[in-house]
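The values are calculated or read from the model by the stated rules, or taken from the named source; none is laboratory data. Note that the structure is predicted; figures quoted are calculated from it, not measured. Glycine also receives a Cβ, built like all others from the backbone with ideal geometry; neighbour counts cover every protein chain displayed. SASA here: full protein model, heavy atoms, side chains in, ligands and nucleic acids out. Shrake-Rupley method; radii C 1.70, N 1.55, O 1.52, S 1.80 Å.
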Amino acid sequence: MVYSRILGTGSYLPSNVLTNAMLAERVDTSDEWIVSRTGIRARHIAHEHEKTSDLALMAARAAIDDAGIAHSEIDLIIVATTTPDMVFPSTACLLQEKLGLPGIPAFDVQAVCAGFMYALTTADCYIRGGMARKVLVVGAELMSRILDWEDRRTCVLFGDGAGAVVLGASDAPGILHAKLAADGRYKDILNTPAQIAGGKIQGMPYLNMDGPAVFKFAVKALADIAEKTLAEAGIAQSSVDWLVPHQANLRIIESTAKHLGLPMERVIVTLPEQGNTSAASIPLALDAAVRDGRIRRGQTLLLEGIGGGFAWGAVVLVF
């Protein structure tokens with residue numbers, strides 16, 4: 001049987017840091033207000049010249065280097081993003097050109113904050129099906145470009161960044177099980193509804209969110225899918241070494257950990273210094289914990305995330 005394993009991880013955060021104190025100079029808020037409700041203290045904001053594909057490129061190079069392979073060994077690129085460089089071509093195609101890998105398939109996945117779960121699961125299926133051997137999976141976002149910086153309900157939450165993994169074929173188990181879900185009936189409580197038509201932007205081009213409704217749905221959905229994914233994989237909750245969750249809100253993360261019976265000491269949290277980076281948040285957190293030595297080879301990880309759609313998913317794997 002062919003399995004897929006994470007061969008390498010990488011990440012990139014723009015150098016521009018926006019703290020809560022700096023935000024308070026622009027909008028009616030405070031560090032205490034933001035931290036008490038979200039757990040966020042700062043976020044990285046891309047420079048004006050930086051595009052999503054630029055962030056993706058930096059993370060991709062780091063992941064490929066960490067995997068110890070040549071760029072030419074990559075035979076598929078999947079990019080999860082909500083904020084592509086342009087309507088088309090895909091950010092994955094733009095990244096492919098920047099990496100110098102013409103000819104291999106490349107496409108984007110759009111599931112907002114659950115995008116990396118969808119992209120990783122898709123890559124796993126390609127490898128298990130024999131259609132690819134080494135897949136570059138990237139989550140990259142410029143959420144700052146779709147925020148209303150006068151809306152304190154949303155502008156305090158998000159940041160920019162990119163994270164990546166190289167997934168490779170292996171005889172040894174890596175990804176053990178994945179589970180995805182979506183429910184479009186909840187499309188109105190988290191969206192950016194604008195369209196381009198007739199050469200103009202039609203509708204609101206900013207992120208819109210009903211915070212309490214999102215929180216209520218996310219807590220239940222994440223707990224349920226995490227529990228089901230582990231059960232279907234035959235993995236006891238106590239066997240999970242690390243929970244690597246989407247970094248949206250500290251209370252949501254704490255609730256999921258509590259439901260799984262995991263102490264926060266076994267949860268990877270990058271939210272305070274990065275904010276919600278949407279599809280980039282899980283690979284960013286994963287890479288941070290790999291780099292600092294917390295996550296080690298042979299450990300069992302549970303990754304899970306939820307985003308607009310609603311779309312959500314979980315993956316259990318042996319690192």
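Some points to look at:
- Classified by the C-alpha gyration tensor, region 1-128 has a prolate form. Its axis ratio a/c, with a ≥ b ≥ c, is 1.5 or above, and a/b is larger than b/c.
- When peptides 156-165, 295-304 are ranked by their average number of other Cβ atoms within 10 Å per residue, the highest-first order is 156-165, 295-304.
- Model label points for ARG266 and ASP224, set 7 angstrom from Cα along the Cα-to-Cβ axis, are 2.5 nm apart.
- Of (i) 28, 24, 18; (ii) 32, 23, 18; (iii) 35, 20, 18, the label for semi-axes √(5λ) of the Cα gyration tensor in Å derived from the coordinates: (i)
- Each Lys and Arg contributes +1 and each Asp and Glu -1, all at the Cβ; summed about the Cα centre of region 157-237, the dipole is approximately 280 debye.
- Accessible surface of region 181-319 [probe 1.4 Å, protein heavy atoms]: carbon and sulfur percent: 54 percent
- Computed from the Cβ-Cβ distance with R0 of 22 Å, the FRET efficiency linking ASP292 to ASP65 stands at 0.80.
- Sorted peptide list for 25-38, 70-83, criterion being average Cβ within 10 angstrom, highest first: 70-83, 25-38
- Taking all protein chains as shown and a probe of 1.4 angstrom, TRP242 keeps an accessible surface of around 30 Å².
- Residues within the reach of a label modelled at SER170 (point 7 angstrom out along Cα to beta-carbon, backbone nitrogen below 11 Å), restricted to region 267-300, are 297-300.
- Averaging the Cα positions of each part gives two centres, and for region 84-141 and region 13-43 these lie 31 Å apart.
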